[in-house]
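Data block below; observations after.
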Amino acid sequence: MPGTAARTVLAVVTAASLVACASGAGGDDAAGDDPSGSAGPGKCTVSAKLVPSCGAWWGVTPVIGARQDPAAAVRDFERKTGRTVDIYHGYHTGPELFPTASEIGLTRESGKHRMLVLNWKPDDGKTWKQVAQGAADAQIAREAAYLKTHFTKKFWLVIHHEPEEEVKTAPASGKTAADYRAMFRHVVSEFRADGARNILFTMVYMGYSGYMVKPWFKDLYPGDKYVDWIGFDPFAKSNIKDYPALVNKVAAAQQSLGFPGFYDYSAKYFPDKPLMLSEWAVLETPGDPGRKPAFFRDVAKEFANYPRIKALAYYNTTHAVNMPDGGDTSVDATPDALRAFKALGKSPEFKVKR
């Protein structure tokens, strides 16, 4: 998500399916996890880790105010775009218990089949090193106990998304890349020790090549045994012309060096992990109202060429922070944009049957 300031943002994670999938509900007896999307002739499944073998989950990130009910924001977005989202994504920090009653309600609405991605910063007021040393253990135990009595469905838990822009190289800072890795591992280990069995632990990067070339970048990754899904957050400014450029964004300084974008990078360094665009968006470009609808049409055309992406979360707002031209990513910025987005969401390529 753009910026590092505390935000009261709640989100829905998008998704999309390459073909209509006949599958189970993603229980423990579901198929194994194959991020490439192969499931055998004519058979689509959803794995125990909620990986659809055909396509990906559909959703969006509606940015809301501090007092707005997230469920209302979700339903408003669904009304505008003409379909139910598969996954709702909410942001939490510090001592908050999650999911909230409103978030739980979204998953229990008859006939809707919504799931949750919950983004949590356990280091609120602490350094990563302090959390790795146990500073948040009591809160983790409290949260694990809360889950056992309030929410036992599987969900994605993102542990402090987009850490790259907060890394400090000074060892005494408590915020080195190695400190982040240790924090992530510790939080996962504590949840597991406390008996929380319904969590899919998710590592979310910015996906910006300017950070990917840093000597510490690889030190962020907690390791395969601690990570179930990988996410990244690409935004299409005016210099990003299409979906391939979005998922493989490379800064100008690295383009001449042949540096890979995040999709290609992930295939090399964590090939067995399913990917989600945990936040993605297309910025409104002044003087070019046709760009956003054309981009949405390109997503439908190109999506099948990037089969490891199993969820897309559209970051829907009129004022994304630290973005150019006012940061308008809204899908209904123009009637043409809304029509194109509705068509994208309703197409067979972006549906998963459960």
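In this structure, the pairs whose alpha-carbon distance is over 25 Å, taken from Lys43/Lys225; Lys49/Lys353; Lys153/Lys342; Lys218/Lys310; Lys154/Lys218; Lys112/Lys225, are Lys43/Lys225; Lys153/Lys342; Lys154/Lys218; Lys112/Lys225.
Applied to the range 315-330, the Karplus parametrisation 6.51 cos²θ - 1.76 cosθ + 1.60 on θ = phi - 60° returns per-residue 3J(HN,Hα) values of 8, 9, 7, 9, 8, 5, 6, 6, 10, x, 6, x, x, 8, 9, 4 Hz, with x for Gly and Pro. Cβ crowding within 10 Å, taken as a proxy for footprinting-reagent exposure, orders Met203, Met212 from fewest neighbours to most as Met212, Met203. For Gly231, the amide hydrogen comes within under 5 Å of the amide hydrogens of Met203, Val204, Tyr205, Met276, counting only partners 5 or more places away or on other chains and with H modelled in the peptide plane.
Overall, the chain carries a charge dipole of about 600 debye about its Cα centre when +1 sits on the Cβ of Lys and Arg and -1 on the Cβ of Asp and Glu, all other atoms neutral.
Close amide H contacts of Thr61 (hydrogens built in the peptide plane, cut-off under 5 Å, sequence separation of 5 or more or a different chain): Val12, Tyr314, Tyr315, Asn316. Counting 0.36 nm for each residue step from Phe259 to Lys148 and taking away their Cα separation leaves a gain of 35.5 nm. Counting other Cβ atoms within 10 Å as a rough exposure proxy, the listed residues Leu118, Leu200, Leu277 run Leu200, Leu118, Leu277 from fewest neighbours to most.
Working from label points 7 Å from Cα in the Cα-to-Cβ sense, the Ile104 to Ala141 distance is 2.2 nm. Remark: the range 272-280, residue by residue, has Karplus-estimated 3J(HN,Hα) of 8, 9, x, 10, 10, 7, 5, 8, 9 Hz, where x stands for each Gly or Pro and the curve is 6.51 cos²θ - 1.76 cosθ + 1.60 at θ = phi - 60°. On the beta carbon distance between Ala304 and Glu96, with R0 = 51 Å, the FRET formula returns roughly 0.85.
Taking θ as phi - 60° and the Karplus parameters 6.51, -1.76 and 1.60, the scalar couplings of the range 297-304 work out to 5, 5, 4, 4, 6, 9, 3, 5 Hz in sequence order, x denoting glycine and proline. From helices alone, the chain scores -8000 deg cm²/dmol at 222 nm; the rule is -39500 (n - 2.57) for each run of n ≥ 4 DSSP H residues, then divide by the residue total. As a proxy for reagent exposure, His89, His186, His150 were ordered by neighbouring Cβ count within 10 angstrom, fewest first; the result is His150, His186, His89. Pairs of alpha carbons in the chain separated by more than 38 Å make up 10% of all such pairs. A crude spin-label estimate for the pair Ala170 and Arg83, with each label 7 Å from Cα along the Cβ direction, gives 5.0 nm. Near Ala320, the amide H atoms lying under 5 Å from its own belong to Asp328, Thr329; only residues 5 or more places off or on other chains count, and H is placed 1.01 Å from N.
Laboratory data are not the source of any read-out in this text; all were calculated from the coordinates shown. Keep in mind it's a predicted model, so treat the numbers as computed, not measured. Glycine gets a Cβ as well: all are built from the backbone with ideal geometry, and neighbour counts include every protein chain shown.
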